[in-house]
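Participant: Let me begin by handing over the structure; questions about it come next.
The values are calculated or read from the model by the stated rules, or taken from the named source; none is laboratory data. Values in this document were obtained by computation on a predicted structure and should not be read as measured data. Cβ placement follows ideal geometry from the backbone for every residue including glycine, while neighbour counts extend to all protein chains displayed.
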There are 2 protein chains.
Amino acid sequence: MVDASSAVGALGALAQEHRLALFRLLVQAGADGMPAGAIAGALGVPNSSLSFHLAHLTRAGLIGQERRSRSLIYRANYAAMNDLVGYLMENCCSGAACAPAKACGAEAAPTQAKRKSA
Amino acid sequence: MVDASSAVGALGALAQEHRLALFRLLVQAGADGMPAGAIAGALGVPNSSLSFHLAHLTRAGLIGQERRSRSLIYRANYAAMNDLVGYLMENCCSGAACAPAKACGAEAAPTQAKRKSA
DNA sequence: CTGGTATTTCGAGAATCATCGAAATGGAGA
DNA sequence: TCTCCATTTCGATGATTCTCGAAATACCAG
């Protein structure tokens, strides 16, 4: 489930050039994720700026992190992405021809608890 | 199609409490849309503020307007919404188990030219 | 043409956000 | 333990955004 304020938070997190590119990068990276350094290189953003955006996206619940030796591996939270999309399209067209729009149910539940039941 | 900057624009347009509520209201209203006054009433937002948000959403291409007598009818642009979602999920999971995620193909192309080819 | 209603524009103030260098932190290897 | 590397926090600055009353505009009915 998604409530209005968390949806606003998630959309706000994505509403920024670097963060959108970053999130899409992780979405496309799949379950393997990417270490912060590699992301910084791929996006051409200074470390301190990237860290800021990474934290923003994390706080919004759109990505998760996992430590792997010295590096922090980030990966997209597909469940959150699907929830957000579902929230946007909720009761779409007042019940007209609307496919439920489903998506990447990937195995994105390796380290952290992805079960954000609340 | 969607490019990065228009996606950022659309997400930024949705990343605001009132605008998100407004957009969802229109999404749920369906093809009939709603006049500005009714929206202001439903959201409890002053006219001048609502107009600002309406313009923002319109500039982002997420909603369209049509004059009907003295009122302006606003309605969601489902094509834009679907494009945005498609952009977010593009190449999801690096080709893993990802459904193409489709949605409200409604007849949302009444007044303005929705063909933003460029 | 005149009156009236629906909606937008104008303007200014308050608040939030993005950027990035330098310094601090946390973990791993020797 | 000591050192090194990856990443984050701190701090200040500049830019953007939200809000809303009052005035202007657009349109329709009579």
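Participant: Go through the stretch B:61-97 and count every residue that is within 12 Å of chain A (Cβ to nearest Cβ), at pLDDT 65 or above and at negative phi.
Facilitator: Within the stretch B:61-97, residues that are within 12 Å of chain A (Cβ to nearest Cβ), at pLDDT 65 or above and at negative phi number 15.
Participant: Same structure, new question: Keeping to the stretch B:1-19, report how many residues are more than 10 Å from chain A (Cβ to nearest Cβ) and free of Cβ contacts under 8 Å to residues at least 40 places away in the same chain. Show your work before the answer.
Facilitator: Within the stretch B:1-19, the subset more than 10 Å from chain A (Cβ to nearest Cβ) is B:1-3, B:6.
Checking which are free of Cβ contacts under 8 Å to residues at least 40 places away in the same chain leaves us with B:3.
Within the stretch B:1-19, residues that are more than 10 Å from chain A (Cβ to nearest Cβ) and free of Cβ contacts under 8 Å to residues at least 40 places away in the same chain number 1.
Participant: May I ask you to list pairs of residues, at least six apart or on different chains, whose Cβ atoms are under 7 Å apart, with the first in the stretch B:38-60 being without any contact (Cβ under 8 Å) to a residue 12 or more places away in the chain and the second being of a type in the set (A, V, I, L, M) and part of a helix (DSSP H, G or I)?
Facilitator: Every condition considered, the pairs that remain are B:40/B:50; B:47/B:40.
Participant: Go through the stretch B:8-25 and count every residue that is within 21 Å of residue B:86 (Cβ to Cβ) and surrounded by fewer than 22 Cβ atoms within 10 Å (Cβ to Cβ).
Facilitator: Of the residues in the stretch B:8-25, 5 are within 21 Å of residue B:86 (Cβ to Cβ) and surrounded by fewer than 22 Cβ atoms within 10 Å (Cβ to Cβ).
Participant: Limited to the stretch A:23-43, what total is found for residues that are within 14 Å of another protein chain (Cβ to nearest Cβ), within 13 Å of DNA strand C (Cβ to nearest atom) and more than 19 Å from residue A:13 (Cα to Cα)?
Facilitator: 0
Participant: Among the residues in the stretch B:35-50, are any β-branched (Val, Ile, Thr) and in contact with a strand residue (DSSP E or B) (Cβ under 6 Å, 6 or more places away or on another chain)? Reasoning before the result, please.
Facilitator: Within the stretch B:35-50, the first condition is being β-branched (Val, Ile, Thr), and the residues that meet it are B:39, B:45.
Now drop any that are not in contact with a strand residue (DSSP E or B) (Cβ under 6 Å, 6 or more places away or on another chain), which leaves none.
No: the stretch B:35-50 contains no residue that is β-branched (Val, Ile, Thr) and in contact with a strand residue (DSSP E or B) (Cβ under 6 Å, 6 or more places away or on another chain).
Participant: Give the residue that is surrounded by the fewest Cβ atoms within 10 Å (Cβ to Cβ), with candidates limited to residues of the stretch A:31-70 that are under 11 Å from the mean Cα position of the chain (by Cα) and part of a helix (DSSP H, G or I).
Facilitator: A:59
Participant: Report yes if residue A:86 is of a type outside the set (Asp, Glu), away from DNA strand C (no atom under 12 Å from the Cβ), closer than 27 Å to residue B:25 by Cα and part of a loop (DSSP other than H, G, I, E, B), otherwise no. Steps first, answer last, please.
Facilitator: Working: of a type outside the set (Asp, Glu): yes; away from DNA strand C (no atom under 12 Å from the Cβ): yes; closer than 27 Å to residue B:25 by Cα: yes; part of a loop (DSSP other than H, G, I, E, B): no.
No, not satisfied.
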